Every structure is written in structure tokens, then in C-alpha cells.
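Read the figures in this text as sums done on the coordinates, not as results from a lab. What you see is a predicted model; the values in this text were computed from it and never measured. Cβ coordinates were reconstructed from backbone atoms using ideal geometry, including for glycine residues, and neighbour counts include every protein chain displayed.
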Amino acid sequence: MRSKSFIPCFFDEAQAFKNPFTQTARSVKKIQADNRFGLTGTPLENSIEELWSIYHVVFPQLFQGLEAYSHLRTQDIAKRVRPFMLRREKTDVLVELPEKEESLAVSELLPEQKKLYAGFLAKLREETLKHLDKETFDKNKIRILAGLTRLRQFFVTRACLLRAIRAVQ
């Protein structure tokens with residue numbers, strides 16, 4: 001990658017690098033810019049460390065390393081980030097939003113899709129039933145959710161369908 005510097009750099013969906021150990025976080029950190037801005041509707045979802053990761057990219061001087069950050073009180077973190085965060089609630093912007101439009105489109109699966117869907121559903125049901133006891137359910141939540149996502153993919157696009165088919169085979 002050639003070295004190029006930007007004056008401002010805007011990171012939309014900044015939560016994409018909320019985990020500082022991912023390739024995405026390491027890559028955006030390398031981008032040279034005089035000014036950086038992170039835009040996100042969800043600056044943290046699971047832990048307060050996600051906020052550190054975003055600020056480590058857009059304003060690294062705000063906090064020391066992750067170790068020092070993890071010892072800060074939540075109130076101290078909130079006090080530091082408050083000047084740099086704009087929180088708008090739905091009621092604040094509702095007048096600016098256009099009317100919500102909903103449409104319902106019904107389409108039937110092709111015979112091959114129905115066959116694949118039924119096969120995958122049976123396999124998913126069997127796998128899920130194995131993990132319904134308390135001990136294994138918590139460990140397999142992600143696997144179950146991934147299976148439900150794959151079922152949904154049968155209805156989305158042909159490309160998704162092909163990926164779902166490969167996952168079944």
C-alpha cells in the first residue's frame with residue numbers, strides 16, 4: 001500500500017474496529033490523517049473496552065494503553081469522552097426522518113430451494129435438539145444463531161443460497 005496522508009479521515013460505522021486485536025482495527029490505525037472522526041450509532045455493545053478501541057484509532061491521545069484504560073472508573077471514561085460524543089435519540093430526530101415505508105413481497109421458493117431448505121432445517125433441528133440442555137446450550141448459542149441465519153439466507157439472494165448450499169454439503 002502506498003503511503004498517503006489525508007487531512008480529515010472519517011470512519012463511518014466505527015464499531016467495525018471495536019476489537020483492537022482484529023485486522024480491521026490494525027489496518028485503520030495505520031491510515032495517516034491529520035484529523036480523524038469516528039461515526040457510529042453503537043460505540044459500545046458488549047464491553048467498555050470497545051470504546052477504547054475506537055478512540056485509540058480516532059483520538060489516541062485521549063487514553064493511555066488498554067491496560068491503564070481498564071483501571072479507569074466508568075465515570076472518568078464518560079467524563080473524558082463526553083465532549084467528543086453527540087447522542088441523538090429517535091425522538092430528537094423524528095421530525096427530520098421521512099415516513100416509514102413498508103412493502104410486502106411474497107415469492108415462493110423454487111422446488112430445489114424447498115428441498116435444500118427442508119434438508120437444512122431438519123439438520124439444524126437435529127443439531128439444536130442435542131444442545132438444549134442447560135450445560136451445552138450456552139456454549140452453542142452462536143452455532144444455533146448461525147444456523148437460523150443460514151435458513152434466512154435461503155430467501156435472500158442466489159449468492160447467499162449458494163453459500164448456504166455449500167454449508168449443508
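Odds and ends about this structure:
- Each principal axis of the Cα cloud of the chain was taken in turn, and the coordinate range along them, longest first, works out to 57, 45, 43 Å.
- Degrees between helix 49-58 axis and first principal axis of the chain (Cα, 0 to 90, nearest 10): 60
- For peptides 102-115, 44-57, sequence by mean Cβ density within 10 Å, most packed first: 44-57, 102-115
- Residue among Arg143, Arg87, Arg26 with the largest mean-square fluctuation in a Gaussian network model of the chain, springs linking Cα atoms under 10 Å: Arg143
- Stretching Ile7 away from Asp92 to a fully extended chain increases their span by 27.5 nm, per 0.36 nm per residue minus the current alpha-carbon distance.
- Links that overshoot a 30 Å alpha carbon limit, given the list Lys4/Lys90; Lys114/Lys134; Lys30/Lys90; Lys115/Lys141; Lys18/Lys79; Lys18/Lys90: Lys4/Lys90; Lys114/Lys134; Lys30/Lys90
- Estimated FRET transfer efficiency when R0 is 30 angstrom, pair Leu39-Leu148 (beta carbons, to 0.05): 0.50
- Added length on full extension, which subtracts the Cα-Cα distance from 0.36 nm per residue, Thr74 to Lys100: 5.7 nm
- Against the empirical 2.2 N^0.38 Å (N residues), the stretch 5-92 has a Cα radius of gyration ratio of 1.07.
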